[in-house]
Amino acid sequence: MEIQAWFKIIGSESDWTRVLLEEIEYVADLKKAIKKKAAIKLNNYDAADLIIKATYNDDKDPKNAVELDPKVELHTVLEQVPPPVGYSTKKIRFFVMLPPPEDLPPPRDQIIQGQCIFKYGNHLRKTFYGFFKSEISLSSFVKIAKNLFTFPEGTKDSDITIELQDRKD
């Protein structure tokens, strides 16, 4: 018989989903199994950044959940679960708490990377760049150029030509 447990991702439009527990040794492994099971919803998160909490006796209220240490063996967590009164099976619910947005690196699809070529007269300068899409503008590149390279006194922003080449991976 397969041993499974219910989990729910808090902070997203998520319903209860089951995860197989048989090959999970530590809570850290549970994080990886949950990330794999809910890959689409957790695509922008590293399994190590997920916070796993648990409730007992089939309690579905995340406010009553206790945070689990990723270094603890899962069997230790399960052994501490008291079976509900009148039942022989233990009922545990896992909650996946997403890390705060400020703790997360930006999603890769929100970063633009490539080579930036600055031209001024006969001068040509190249540098690599990486920016958030929301922060990118021509004026931001000109400011970078002026910080990276020395231009003759009185150079106007309009005198600097910028060419961007997408990074080829």
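The values are calculated or read from the model by the stated rules, or taken from the named source; none is laboratory data. No experiment lies behind these values; they were computed from the predicted model shown. So basically every Cβ, Gly included, is an ideal-geometry build from the backbone, and we count neighbours across all protein chains shown. Just so you know, the surface numbers come from the protein's heavy atoms only, side chains and all, with ligands and any DNA or RNA stripped out. Shrake-Rupley method; radii C 1.70, N 1.55, O 1.52, S 1.80 Å.
Every residue, every condition in (1) over 16 Å from the mean Cα position of the chain (by Cα); (2) at pLDDT below 90; (3) more than 16 Å from LEU98 (Cα to Cα), yes or no:
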residue	(1), (2), (3)
ILE3	yes, yes, yes
SER12	no, yes, no
ASP15	yes, yes, no
ARG18	yes, no, yes
ILE24	yes, no, yes
LYS35	no, no, no
LYS41	no, yes, no
ASP46	no, yes, no
ILE51	no, no, no
Q: Of the conditions (1) among the β-branched types (Val, Ile, Thr); (2) assigned to a helix (DSSP H, G or I); (3) within 19 Å of PRO100 (Cβ to Cβ), THR76 clears all except one; give me its number.
A: (3)
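Listed residues LYS146, LYS63, LYS71, LYS126; which is modelled with pLDDT of 65 or more and either part of a strand (DSSP E or B) or among the hydrophobic types (A, V, I, L, M, F, W, C) (or both)?
Working: LYS146 fails: either part of a strand (DSSP E or B) or among the hydrophobic types (A, V, I, L, M, F, W, C) (or both); LYS63 fails: either part of a strand (DSSP E or B) or among the hydrophobic types (A, V, I, L, M, F, W, C) (or both); LYS71 fails: either part of a strand (DSSP E or B) or among the hydrophobic types (A, V, I, L, M, F, W, C) (or both).
Going through LYS146, LYS63, LYS71, LYS126 in turn, just one is modelled with pLDDT of 65 or more and either part of a strand (DSSP E or B) or among the hydrophobic types (A, V, I, L, M, F, W, C) (or both): LYS126.
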Q. Which pairs have Cβ atoms under 9 Å, sit 6 or more apart or on different chains, and link a residue in the range 1-28 that is on the phi < 0 side of the Ramachandran plot and of a type outside the set (A, V, I, L, M, F, W, C) to one that is open to solvent by 70 Å² or more (accessible area, probe 1.4 Å) and not in a loop (DSSP other than H, G, I, E, B)?
A. GLU2/LEU20; GLN4/ARG18; GLN4/LEU20; THR17/TRP6; THR17/LYS37; ARG18/TRP6; ARG18/LYS37; GLU25/HIS75
